[in-house]
Amino acid sequence: MTDTPDRPGDQQGSGEEPGPEDRPGRYPPYPQQGHPPYPQPGYGTPYPYPGPPQPGHPQPGGYPQAGGHPQPGGYPQGAWGQQPGWGQPPGSVPPWQAPRPGIVPLAPLSGPDMLTGALRYIRSHWVVTLVPSAVVMLVLVAAQLLLQFRIVGLVNAAENGASADALGAAFLAEFLWTIGLVVVLSLVLYPLVLSMLYGVLVPAVLGRTVPFGQALREGLRRVPSMLGLYLVITVLGLVVVGVGISLAVLIGVAGDGSGLAILAAVLVGIAAYAAWFWIAVTLMLAPPALVVEGGGVGTALARSRALVRGAWWRTFGILLLGVLVVVAFSVLVSIPTSLLGAGTMTSAISASPGEVPSLAAFGTYFVILGIGSWIVGTVSMPIVAGVTGLIYLDRRMRTEGFAQELAAQAGTPGA
């Protein structure tokens, strides 16, 4: 009687590739010659997670070694039949192999992917992204110009002998009125613009366009929730920073202004701002979560905290990269406008030496600088929103396999 091997792993050197019934999951792995049997002491259940490849041991990925030994299938197949690489979530493929129906590949994204995706996002939906931002910035710049013109008028009144007390009261009234107007307009317009910007993000990823009217209607519907979200975040920041500053003041007063007390107060103040900075980054993904998932304020805050958990530094780094791009763009725009404004003011001063420039000269100077601020704000707002929204989608693709859902919505073959 010929003895037959009890298990396929005993047929070493046969050169035959194991069939599906021989793969791991049906039979446990077997010891190889010259190596201790699996599982080794210190491991739990066999192959709970793939470990780094070792010489002579089975390699991750499910391909058989020479000698006919079955391999542990530590990684599941990707959404499009590819093996995800090290550090990629199950069900994903590298960005260069993933389909891209819209502004970014349907796969976990890198920082440069998000920056280029944000620019494509603006280009593909320039009406929905740039027009609302331009309107909001126009209103804010107009309020700023109004305050500046009033200040110049008060300066001219002081030159003509007006009372200092009256001018001080008038300046305070103008300042408070302008600030109040800006705050009220921001509370209405800023949530609307953000709701519109995040509302067209997923369609842009899927390669679809959203008409301006539809984006406006959906944005108006989300304004109350977005306003509530920002009020909660603002109040939270005021509480954290306020408590820290109050403690710092109390420490400084209790220490009678000694060097040690001042140092402790400064450290407490820095810690308060650091805590608020950490909270702000942790809650940065709440606005896109609110718009995309349609939950309430509390749900959006919880979603942002869950998505950022374990990736705070990566989230911060990509946000910082986006801010640096905005700063670079701001410098490029501000340099020519500042030079042009300074030139007009210099010409006005040269025309009337020893006199205060006229209101028209100040007005020209302020308008030129305001145009630069308007351009920077119009472009910066969609860039920051695009980067933030793509960080949100990236975190969902990395932790929840959201790429497969997006591919199914896009009708990508093989999704």
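May I ask you to order 251-261, 211-221 by the average number of other C-beta atoms within 10 Å around their residues, highest value first? Numbers along the way, then the final one.
Values: 251-261: 12.5, 211-221: 14.9.
Highest mean packing first, the order is 211-221, 251-261.
Restricting attention to the alpha-carbon atoms of segment 282-333, what are Rg (one decimal) and Dmax (integer), both in Å?
Expressed in Å, the Cα Rg and Dmax of segment 282-333 come to 13.6, 40.
Mind grabbing the base-10 log of I(q)/I(0) for segment 197-296 at q = 0.11, 0.22, 0.23 Å⁻¹? Debye formula, identical points on the C-alpha positions, no solvent, two decimal places.
One equal scatterer on each Cα of segment 197-296 leads to -0.52, -1.05, -1.10.
Going by how many other Cβ atoms sit within 10 Å of their own, how do Val239, Val379, Val291 line up, fewest first?
Working: Val239 11, Val379 20, Val291 27.
Sorted ascending by nearby Cβ count, the order is Val239, Val379, Val291.
If you count, for each residue, the other Cβ atoms within 10 Å and average over each peptide, how do 180-188, 229-237 line up from highest to lowest?
Values: 180-188: 13.2, 229-237: 15.9.
Top of the packing list down: 229-237, 180-188.
Considering only Pro287, Ala272, Ala261, whose Cα is most displaced toward the positive end of the charge dipole of segment 212-346, charges sitting on Cβ of Lys, Arg (+1) and Asp, Glu (-1)?
So the residue furthest toward the plus end is Pro287.
Translational diffusion coefficient of segment 99-217 at 37 °C, 0.692 mPa s, Stokes-Einstein with Kirkwood Rh over Cα pairs, in µm²/s as a whole number. Please report the intermediate quantities before stating the final value.
Working: Rh = 17.4 Å.
My calculation gives 189 µm²/s for D.
Take each of the peptides 328-340, 268-280, average the number of other beta-carbon atoms within 10 Å over its residues, and list them starting from the highest. Could the numbers behind the result be given before it?
Values: 328-340: 13.7, 268-280: 15.2.
Final packing ranking: 268-280, 328-340.
Between Ala361, Val297, Gly322, whose Cα lies farthest towards the positive end of the dipole of segment 282-415 when Lys and Arg beta carbons carry +1 and Asp and Glu beta carbons carry -1, centred on the Cα centre?
Val297
Dipole magnitude of segment 314-415 about its Cα centre, charges +1 at Lys/Arg Cβ and -1 at Asp/Glu Cβ only, in debye to the nearest 20? If you can, show how the numbers build up before the last one.
Details: 4 positive and 4 negative charges, 54 e Å.
So the dipole magnitude of segment 314-415 works out to roughly 260 debye.
Give me the distance in nm between label points sitting 7 Å out from Cα along the Cα-to-Cβ direction at Ala142 and Val239, one decimal.
Distance between the two pseudo-spin positions: 3.7 nm.
Pulled fully out, how much extra length does the chain show between Leu324 and Val183, if you take 0.36 nm times their separation in residues and subtract their Cα-Cα distance? Walk me through the numbers before you get to the answer.
On the way: separation 141, 0.36 × 141 = 50.76 nm, distance 2.63 nm.
Here the answer is 48.1 nm.
Any idea what Rg and Dmax come out to for segment 286-415 if you just take the C-alpha atoms, in Å?
Rg then Dmax for segment 286-415, in Å: 23.0, 77.
With each label point set 7 Å from Cα along the Cα-Cβ vector, what nm distance links Phe277 and Glu293?
Computed distance between label sites Phe277 and Glu293 equals 2.7 nm.
In debye, nearest 20: dipole of segment 127-281 around its Cα centre with unit charges on the Cβ of K, R (+) and D, E (-)?
Details: 5 positive and 5 negative charges, 153 e Å.
Its charge dipole is roughly 740 debye.
Rounded to the nearest 0.05, what FRET efficiency do Leu267 and Glu405 have when you use their Cβ-Cβ distance and R0 = 51 Å? Before the final figure, lay out the partial values.
On the way: r = 46 Å, r/R0 = 0.91.
The formula returns an efficiency of 0.65 here.
A short reminder: the numbers here are calculations on the coordinates, not readings from a lab. In this text, all values refer to a predicted model and were calculated from it rather than measured experimentally. A quick note on method: Cβ atoms are made from the backbone with ideal geometry, for glycine too, and the neighbour counts reach across all protein chains shown.
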